1. Pull up the range 54-86, narrow it to residues that are part of a helix (DSSP H, G or I), among the small types (Gly, Ala, Ser) and open to solvent by 20 Å² or more (accessible area, probe 1.4 Å), then point me to the one that is nearest to Asp166 (Cα to Cα).
2. Mind listing just one residue for me: the one in the range 95-112 that is closer than 18 Å to Ala255 by Cα and not aliphatic (A, V, I, L, M) and, of those, least open to solvent (accessible area, probe 1.4 Å)?
3. Return the residue satisfying two criteria in turn: it lies in the range 537-568 and is buried (at least 16 other Cβ atoms within 10 Å of the Cβ) and modelled with pLDDT under 85, and of such residues it is farthest from Leu498 (Cα to Cα).
4. Out of curiosity, is Leu508 touching a helix residue (DSSP H, G or I) at 6+ places or on another chain (Cβ under 6 Å), crowded, with 16+ Cβ neighbours inside 10 Å and part of a loop (DSSP other than H, G, I, E, B)?
5. Could you tell me whether the range 232-253 includes any residue that is hydrophobic (A, V, I, L, M, F, W, C), at pLDDT below 90, out of contact with any strand residue (DSSP E or B) (no Cβ under 8 Å at 6 or more places or on another chain) and surrounded by fewer than 15 Cβ atoms within 10 Å (Cβ to Cβ)?
6. Report yes if some residue within the range 448-456 is charged (D, E, K, R) and either more than 30 Å from Lys344 (Cβ to Cβ) or surrounded by 21 or more Cβ atoms within 10 Å (Cβ to Cβ) (or both); otherwise report no.
7. May I ask you to list the residues in the range 491-509 that are of a type in the set (Gly, Ala, Ser) and over 15 Å from Leu454 (Cα atoms)?
8. Look through the range 294-319, keep the residues that are modelled with pLDDT under 80 and not in a helix (DSSP H, G or I), and return whichever of them is surrounded by the most Cβ atoms within 10 Å (Cβ to Cβ).
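The values are calculated or read from the model by the stated rules, or taken from the named source; none is laboratory data. What you see is a predicted model, and the numbers here were worked out from it, not measured in a lab. Cβ coordinates were reconstructed from backbone atoms using ideal geometry, including for glycine residues, and neighbour counts include every protein chain displayed. Protein only, heavy atoms only, side chains kept; ligands, DNA and RNA dropped before computing areas. Shrake-Rupley method; radii C 1.70, N 1.55, O 1.52, S 1.80 Å.
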Amino acid sequence: MSQFLDRDSRPRVRLVKKTQFGLLALSLAVLAGCGTLDPMRDADYHAEAPTTDRPVVRPVRSISSFSESLVCMDHLLRAAEVPTTLITSAQFPDYSGKVPVAVKSMVVTALSQMSHVSNAFRYVDFEVDIARQDTVQNLTTILLNNNQMQLQRPALYVNGAITYVDQNVLGNQVSAGTSANRLDTGYSRSKSSTVVALEAHLGDFRTRTFIPGLDSANEVVIGGAGEGLDLAGRIGSYGVRFNVGRNYAQGAGGAMRTLVDLAMIELVGKWARVPYWQCLMLEQTNPAFQRQMREWFDASGPNGQSGLIQNSLVHQGYLPPAGTSLPLNHPLLRRALAQFQADKGLVVTGRPDFATYERALRNFVALDENGALTRIGWTSSGAVVASAGDGSAKPADWGLPAPWAINLQIENPQPANERAPFKQGEQVFLSAVVSRNSYLYCYFTGSDGGTMRLLPNAMSPDAQVSADQAVRMPDWMAPNPAFILDAGKPGTEGVTCLATRDDASTRLPQLVQGPALTTIANVRSADDLQRAFGNALGTSEFVAQTIQWKVVPASNGNGNSNGGTARK
């Protein structure tokens, strides 16, 4: 028996040794091949890298709960005729080191969004970083030393800091598990809350003193949670394990943008003495608004989404009334969507994505008597209706879009009570805002009745303007404006602006078609202009507004008065 076992065992030993030798030889061959890698052999594989590196999700506009409130403040400041003010800000330090965000850039963005229509603020960039020189800073230093550049002193400045970050103020953790011969299970859940605070102040730049009462101190909660499930089992002598989990963590960037927007609204509202709280009470600041709108967007489907957006575009003048919905790829719809997205500060895609859906319908959503968001729809007649609590429909005049109109405003600084007359030769600055995408034509009428066209002109030949965007006359932001508007002879002067739905340059009579900044014969008043436009286009195809001011004599050193008008 022993001889049989010995004879039977020797071939097995030799077989194992041969197998080990073969595996060793194969490993050496693989390693040798790795040592002589040929990049050209993988060229097709690497060629896919530029495509794979592209984002799979389109960029979206960065917004906060108070983005719509900033737009509201912009219109509120314009209604209050707040003059343009130079402003700057300091850096906002974070001594905790837990919130590495660029707060100062968020401040600049918030001030800019409150100045699209009102021109309330112009930010002065005084940023100087000795340790990190850049092109703009170097050029500024050179030009300042050569007296080729002048930095204007701001009137106000914003100062503040991320005052504290209290991490894990609240925390909750639960875990449980079971164990058996062939199956083990485990479950865990955790939640945590972190509090971040921002304080901001408004100061007088000339004296470097903070203005009492112009401060803002708010905090926001950043939440996070996680949930996990573990399964482990044995089948015979083999083991299997599964782990499934999900979690979320609200980012510090979005939370800080919300705090910055709120702080700027409070500071600017208190400084300008306007009822800023009206803008904070907008329903779009409700935290549930975006979530509810997203649910409606997903539930509507492509056809429902497109239909609601197209109805909104028709009501706001971006699309002509039509009996049927346009296909998604229709050129007219894509152009209207692109123009609407550009006007509302969205990423222009020409597609009815969620951001466009939310922006098109946000003025058609309200809170019901129970504080819940209410869906808004359109009847066949085009009237806006809201669903009542009992399921019936009720009128919702508050949901109608703003009427098509022009808002003309004098931008010169003025006393608090009444507009003072302009002195002869004093420069006049105006701005015009149209509530819808239109073609804008503006004319100046002097105290002697002479009328000339200001817009469009040789420097700005395109008459098309975007909705809710201020058109400056003259463009004081341009280094070489097309004209300068001076108060002329004593009396009453004015500017009349007319907005048309379509380009009217080929339909207007020759009477008002003369070259820009040249006196037009036989037109001596705003009534003459409106009559000419009405005869050519029809009274329903345009809107108009006129703004006037008084001019008084201004004496020079010799006792004579000098004056002017719109000049190149």
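1. Within the range 54-86, the match that is nearest to Asp166 (Cα to Cα) is Ser67.
2. Here the residue is Lys104.
3. Narrowing the range 537-568 to residues buried (at least 16 other Cβ atoms within 10 Å of the Cβ): 537, 542-547, 549, 551, 554, 563-566.
After this cut, where a residue has to be modelled with pLDDT under 85 as well, the list is 554, 563-566.
Working: Ala554: 32, Gly563: 27, Gly564: 24, Thr565: 20, Ala566: 18 Å.
Among residues in the range 537-568 that are buried (at least 16 other Cβ atoms within 10 Å of the Cβ) and modelled with pLDDT under 85, the one farthest from Leu498 (Cα to Cα) is Ala554.
4. Details: touching a helix residue (DSSP H, G or I) at 6+ places or on another chain (Cβ under 6 Å): yes; crowded, with 16+ Cβ neighbours inside 10 Å: yes; part of a loop (DSSP other than H, G, I, E, B): yes.
Yes.
5. Yes: the range 232-253 contains one or more residues that are hydrophobic (A, V, I, L, M, F, W, C), at pLDDT below 90, out of contact with any strand residue (DSSP E or B) (no Cβ under 8 Å at 6 or more places or on another chain) and surrounded by fewer than 15 Cβ atoms within 10 Å (Cβ to Cβ).
6. Start the filter on the range 448-456 by keeping residues that are charged (D, E, K, R), which leaves 448, 453.
Subset that is either more than 30 Å from Lys344 (Cβ to Cβ) or surrounded by 21 or more Cβ atoms within 10 Å (Cβ to Cβ) (or both): 448, 453.
Yes, there is a match, as at least one residue in the range 448-456 is charged (D, E, K, R) and either more than 30 Å from Lys344 (Cβ to Cβ) or surrounded by 21 or more Cβ atoms within 10 Å (Cβ to Cβ) (or both).
7. Residues of the range 491-509 that are of a type in the set (Gly, Ala, Ser), as a first pass: 491, 494, 499, 504-505.
Listed by number, the residues that qualify are Gly491, Ala504.
8. Gln316
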